[in-house]
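Chemist: What follows is a structure written as structure tokens; I'll ask about it next.
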Amino acid sequence: MEKEIRGIQLPLSQTQKVRLKKALELLQSLSLKVNVDASVVVADTITVDHEDGVLKGHGTADLNGEVVATICGVVERVNKLVYVRALRSRYKPEVGDIVIGRVVEVAQKRWRLEINYCQDAVLMLSSMNMPDGVQRRRTAVDELNMRCIFEENDVVCAEVRGFQHDGLHLQARSRKYGKLTRGQLLTVSPYLVKRQKQHFHHLEEFGIDLILGCNGFIWVGEHIEATDDMVEDQVNQSDPQVLLPGKNSVSLEEQEKSYTTLETRKYICRAANAIRVLSTLGFNITLEIIKGIIDLSLSMNLDIHDMLGSEFCVLVAEKEAERRSSNKKKR
């Protein structure tokens with residue numbers, strides 16, 4: 001427990017250290033009761049049925065006829081395959097993952113994105129919807145106008161398509177994917193973002209959107225109203241000039257529409273600081289906890305920059321311990 005507190009880079013007073021230690025001990029005791037059978041450390045024996053046959057996967061080894069763990073983590077079983085999923089590790093892409101990346105290169109018929117992985121991901125021009133919404137073959141004109149869609153340093157949301165001979169490929173064939181603007185990009189450890197059914201969230205009470213990327217990149221930005229695909233396609237098809245508008249043709253009305261209000265920007269900063277607090281404490285990042293931290297800061301009339309202070313971080317740890325213990329009692 002002392003090591004966990006030392007790992008949290010916060011200037012804590014003696015009283016705050018005692019409070020934080022107590023909260024972390026309570027959280028650890030609750031997690032141990034849930035995962036006592038599945039959690040293993042190095043050299044722990046993993047119970048298996050040798051009669052049915054066992055396939056030893058990642059994080060396991062054979063020692064004197066027994067299967068032992070070679071890393072700390074959680075035991076996972078898929079039919080006869082037994083492996084250990086590390087609690088803390090680098091991002092490992094899986095097909096269907098929602099990821100957020102930054103464009104680092106515009107190449108021939110493709111963009112290269114940095115997605116917090118050991119290599120850059122590839123987004124092919126043919127793997128995304130065109131601005132006009134028409135399903136057609138990509139032409140040489142489309143390739144010449146690639147920078148009008150995405151250019152270097154643009155933040156893009158996409159989905160993992162799979163591995164091919166030239167690396168990891170992404171796809172953005174849905175309206176929910178594409179370029180992200182008017183917000184903040186945050187980077188956290190990938191293990192803090194668990195794979196869920198829904199990674200796109202709209203916080204109506206604050207007017208902001210939240211995208212939890214499986215690769216540890218999280219986007220907090222102003223909410224953009226989604227339009228119906230068919231209507232948008234028809235509008236774009238009827239006016240082909242809107243396919244690639246010039247950068248200098250933006251009117252004053254369009255500039256006013258793209259302006260983010262001060263109140264919305266404050267909520268974006270609050271949500272971003274809530275995520276930073278969770279990352280500092282090493283807690284899993286979910287929509288429920290983020291909303292709870294925002295509501296807590298508002299109820300305390302706390303300034304946005306004060307959310308990163310030691311006292312608020314300790315208070316968040318105590319509230320999270322109370323929430324998990326109360327949820328367990330309800331069960």
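Chemist: Just in segment 54-110: which trypsin sites (Lys or Arg not before Pro) are loop by DSSP and have at most 16 other Cβ atoms within 10 Å?
Modeler: LYS80, ARG88, ARG90, LYS109
Chemist: Starting at the first residue of segment 318-325, write each ³J(HN,Hα) from the Karplus equation 6.51 cos²θ - 1.76 cosθ + 1.60 with θ = phi - 60°, in whole Hz, x for Gly and Pro.
Modeler: With the stated coefficients, segment 318-325 comes to 5, 5, 5, 5, 5, 5, 5, 5 Hz.
Chemist: How many percent of the accessible area of segment 155-212 is carbon or sulfur, using a 1.4 Å probe?
Modeler: 45
Chemist: Lys and Arg at +1, Asp and Glu at -1: add these up for the other residues within a Cβ distance under 12 Å of THR15 and post the number.
Modeler: +3
Chemist: To continue, here is another question. Mind giving me the nanometre distance, one decimal, between the label points for THR181 and PHE200, set 7 Å out from Cα along Cα→Cβ?
Modeler: 1.8
Chemist: So, one more: Given LYS179/LYS266; LYS21/LYS197; LYS179/LYS319; LYS56/LYS109; LYS22/LYS92, which pairs have Cα atoms separated by over 31 Å?
Modeler: Over 31 Å apart, Cα to Cα: LYS21/LYS197; LYS179/LYS319; LYS56/LYS109; LYS22/LYS92.
The values are calculated or read from the model by the stated rules, or taken from the named source; none is laboratory data. What you see is a predicted model; the values in this text were computed from it and never measured. A quick note on method: Cβ atoms are made from the backbone with ideal geometry, for glycine too, and the neighbour counts reach across all protein chains shown. Note: accessible area is taken over every heavy atom of the protein model, side chains too, but ligands, DNA and RNA are not part of it. Shrake-Rupley method; radii C 1.70, N 1.55, O 1.52, S 1.80 Å.
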